Amino acid sequence: MSDDKSMLTFPSPDEDVVLAAQIAAMYAATPTPEAGAAERCARAVIAGSMHASTRSSLGGLRPRWWWGAVAAALLVAVTLRPWRAIGRGGGANASTTTLSDAGGVTQPTGLVTVLANGTAVRFDLRLPATANEVAIVGDFNGWDENATPMLHRNGDDSWSAQVPLTPGRHVYAFVIDGTRWLVDPLAPQVPDSGFGPSNAVVVEGGTQ
Amino acid sequence: MTDAELVTRTRDGDTDAFGTLVSRYYEACRRFAYHMLGDRSDAEDVVQETLMRAYRAIARYDERDQFRGWLFRILTNQCRNALTARGRRTRRFVQDELAIDQAHAPAAGLQLGVEHAALSRALAQLDALQREAILLKYAEGLEYTEMSAITGVGESALKMRVKRGSERLRAILGTRDE
């Protein structure tokens, strides 16, 4: 009886085991992505990779040190848009509208961000109007509304897409539910070149 | 279909096969990035960049590796890059989003949600490399050999990060309870 040491041994709680269990439970409780997010991401990745392979086959431009300064200046200019004329838009293509007159949207909040590696651009679009899917089209994906779907953020009205872009000027627009093309009236716009009014962004290859 | 078979099909140009791989691992990657970066948008960007790099590099994938481990190797690097590139940006940690998300959970889960938020907040206060090691060890449940293969860091260094990270977590959580 007294030599049964196991009866006298009380294992103390292993703090690491407890902590591991707590972390695993927290991890498992992470909010799940919305339905279809993985599929949209896969499509964006494949579309982006196809675009990138086309870019590399063209020889591409090597990043220059001064691109970063130019990119920062242009980013500020694009963000602040001091030259913007309110109410622009409409244009020759009747199927294209500006965000301000699209479905009761009161204030468009498109944002273009050159990512830190200087080879990709993130397009963010806040679209209070109800939309099932939003895509970005432009000269970088052949104006194909199926090529670059935007990801819908959970819990808000924001849509986002990350697109690898070659340095230079690019023209783009947004497509809502596959049918309605929109431009951001707060961003620089360019004349209709056959695809309706569009926005323009200038991308540089250096770091911000 | 196994990951290896899907990789082979992807290499042959079958984009649907790659889509299946993405659907298998998207959530796991997003969850890890989410807890590493503390921001949903940043996490989704990093996951997309990770998958983009994986897709481009899939010809170089060695079938002797687990696909998940290979993908996480890219993911951890991208998370580190994102944290470095974040620069002057204000850091927004995960606890706020978690609290918001779980505020609408059923009553039975509400208390757990609060605890998770506290733990998540504590994790966010760790050094990034300690947080990475803690997540790989305790959240992903990996062995140190696997962690070493993913991170490129020696096992002893990883054990030290986990140990110190755990101590720091307990200290933060203990302070909160007092």
Expressed in nanometres to one decimal, the distance between label points 7 Å along Cα→Cβ at A:ASN146 and B:ASP14 is 2.0 nm
Output field shielding_mean for B:129-139 (other chain Cβ, 10 Å radius) holds 2
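Let me confirm one metric for peptide B:43-49, namely the mean number of other chain beta-carbon atoms within 10 Å of its residues' beta-carbons.
Working: counts 2, 8, 8, 1, 6, 12, 7.
If you average over the peptide's residues, the count of other-chain Cβ atoms is 6.
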Taking r as the C-beta separation of A:ASP157 and B:SER23 and R0 as 35 Å, the FRET efficiency to the nearest 0.05 is 0.90
Between B:ASP65 and B:THR84, the two model label points (7 Å from Cα along the beta-carbon direction) sit apart by a distance in nm of 1.8 nm
For peptide A:34-44, the mean count of other chain Cβ atoms within 10 Å per residue Cβ is 5
On the formula 1/(1 + (r/R0)^6), with r taken between the Cβ atoms of B:GLU5 and B:LEU173 and R0 of 56 Å, the FRET efficiency rounded to 0.05 is 0.80
Packing-ranked peptide list from A:35-43, A:124-132, highest mean Cβ count within 10 angstrom first, is A:35-43, A:124-132
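Taken together, the values in this text are just the output of simple stated rules run on the coordinates, not laboratory data. Fair warning: this is a prediction, and the values are worked out from it, not measured in the lab. Neighbour counts are summed over all protein chains in view; Cβ atoms, including those assigned to glycine, are modelled from backbone coordinates with ideal geometry.
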